[in-house]
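Bear in mind these aren't lab numbers, they're just calculated from the coordinates by the rules spelled out. This structure is a prediction, so every number in the text was calculated from the model and none was measured. So basically every Cβ, Gly included, is an ideal-geometry build from the backbone, and we count neighbours across all protein chains shown.
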Amino acid sequence: MTKAESNQQNAELSTGPKTPEGKAIVSKNALKHGAYSQAIIIIGEDPAAFEALQAGMMESLNPIGLLEERLVDRLSALFWRMERAGRAENDAMRLSHSYTKPESLREYAPAYAALSQECFADAMSRISRYEGQLERSFFRVLHELERIQARRKGETVIPPAVADVSVHGVGSGD
């Protein structure tokens with residue numbers, strides 16, 4: 001069975017929300033802190049700040065051609081998301097210090113107010129892992145851009161020094 005077939009089979013067993021009210025609630029899950037949002041810019045963020053970041057990346061990395069420009073676009077998006085994850089982590093840390101004061105917690109971030117200390121720690125752990133994934137992706141793309149630029153300049157391009165290894169699915173037929 002392929003991974004796609006397995007995912008489809010699992011999705012059929014989903015016990016997700018069935019009512020319109022439940023669906024409306026879970027549709028906002030990614031907006032609690034925005035760290036996992038697929039959107040590059042989310043509500044409350046400044047599009048001009050992202051454009052300035054992107055312009056700065058273009059200027060400092062000096063891409064030539066469509067491929068290099070797309071890689072710099074990807075780097076800009078990854079960097080922006082890393083910053084967002086960092087802000088979410090900082091907000092969560094600030095909240096953890098006010099955890100004994102539920103009234104201030106509710107005012108500051110209603111999405112976190114109902115979390116138990118254990119759930120809160122789990123959320124912090126997930127944000128931290130996500131931040132690490134973004135950072136690894138950022139440097140993988142940056143190194144590939146550097147290799148492409150070196151090849152374009154006629155420099156000797158050596159293979160990456162670190163192999164990208166994943167142990168996910170080992171022994172499970174994936």
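Put in line by how crowded their Cβ is, counting other Cβ atoms within 10 Å and starting with the fewest, Glu69, Glu59 read Glu59, Glu69.
Please give the FRET efficiency for Arg151 paired with Ala52, using the beta carbon to beta carbon distance and R0 = 30 Å, rounded to the nearest 0.05. FRET efficiency, Arg151 to Ala52: 0.50.
May I ask you to sort Met93, Met124 by Cβ crowding, counting other Cβ atoms within 10 Å and putting the fewest first? Before the final figure, lay out the partial values.
On the way: Met93 10, Met124 16.
Result, fewest neighbours first: Met93, Met124.
Evaluate E = 1/(1 + (r/R0)^6) for Glu5 and Ala39, where r is the Cβ-Cβ distance and R0 equals 30 Å; express this FRET efficiency to the nearest 0.05. The calculated FRET efficiency here is 0.55.
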